[in-house]
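The values are calculated or read from the model by the stated rules, or taken from the named source; none is laboratory data. Bear in mind the structure is a predicted one, so any value in this text is a computation, not a measurement. Glycine also receives a Cβ, built like all others from the backbone with ideal geometry; neighbour counts cover every protein chain displayed.
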Amino acid sequence: MADHPKPAKAVSAEFDAEPMRSNRDLVRSHRGRPVPLDLRLQILRTLTEDGPMPLDRLLRSLVCDRDPVAAVLSLCCDDLLVLDLETGPISPSTLVRSRT
C-alpha cells in the first residue's frame, strides 16, 4: 500500500511541537549574523572532509576567536548546514552536516 502524505494540519502540529519549536527558534535567532569567511570555510571544509558529526566534535575542531555556535546556527539559516532539530534539544550530541 502506498504511503499517503500527512494532512497539512498534522505536519504543522509536528513542526510546532517541542523540541522542534524551541530548536527552530534558537536557530532562527541567529539569522543574518555575519560569519567570518575563514570560519565559514573551516566549518564547511571540516564537514565535507569528515562528514556529519556531533555538534560538540565540530566545535572542538574549530580554531577561532569568535563564538563558533553562533556561526554554525547562522550557517544553518543560510541553508549551508543542517542540524537535527527533531530528536531532542540542541546539545553536544546534535548531529550537524553540510548541505553540499
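Please go through region 72-100 and give me each residue that is surrounded by 15 or more Cβ atoms within 10 Å (Cβ to Cβ), farther than 20 Å from Gly32 by Cα and without any contact (Cβ under 8 Å) to a residue 40 or more places away in the chain, ordered by number. Once the filter is applied, which keeps residues that are surrounded by 15 or more Cβ atoms within 10 Å (Cβ to Cβ), farther than 20 Å from Gly32 by Cα and without any contact (Cβ under 8 Å) to a residue 40 or more places away in the chain, region 72-100 yields only Asp84. For region 1-72, the helices (runs of 4 or more DSSP H) that sit wholly inside it and include 1 or more residues that are closer than 19 Å to Thr94 by Cβ and modelled with pLDDT under 95 are 8-15, 20-28.
For residues in region 37-71 being within 11 Å of Ser98 (Cα to Cα) and among the charged types (D, E, K, R), which is surrounded by the fewest Cβ atoms within 10 Å (Cβ to Cβ)? Quick ask: steps written out before the conclusion?
As a first pass, look at region 37-71 and keep what is within 11 Å of Ser98 (Cα to Cα): 43-53.
Filter once more, keeping what is among the charged types (D, E, K, R): 45, 49-50.
Values: Arg45: 11, Glu49: 8, Asp50: 12.
So, considering only residues that are within 11 Å of Ser98 (Cα to Cα) and among the charged types (D, E, K, R), the one surrounded by the fewest Cβ atoms within 10 Å (Cβ to Cβ) is Glu49.
Inspect region 56-69 for any residue being touching a residue at least 40 places away in the same chain (Cβ under 8 Å) and not acidic (Asp, Glu) and give the result as yes or no. No: zero hits.
Taken over region 79-91, the criterion of being in contact with a Leu (Cβ under 8 Å, 6 or more places away or on another chain) and more than 15 Å from Pro19 (Cα to Cα) is satisfied by Leu80, Leu81.
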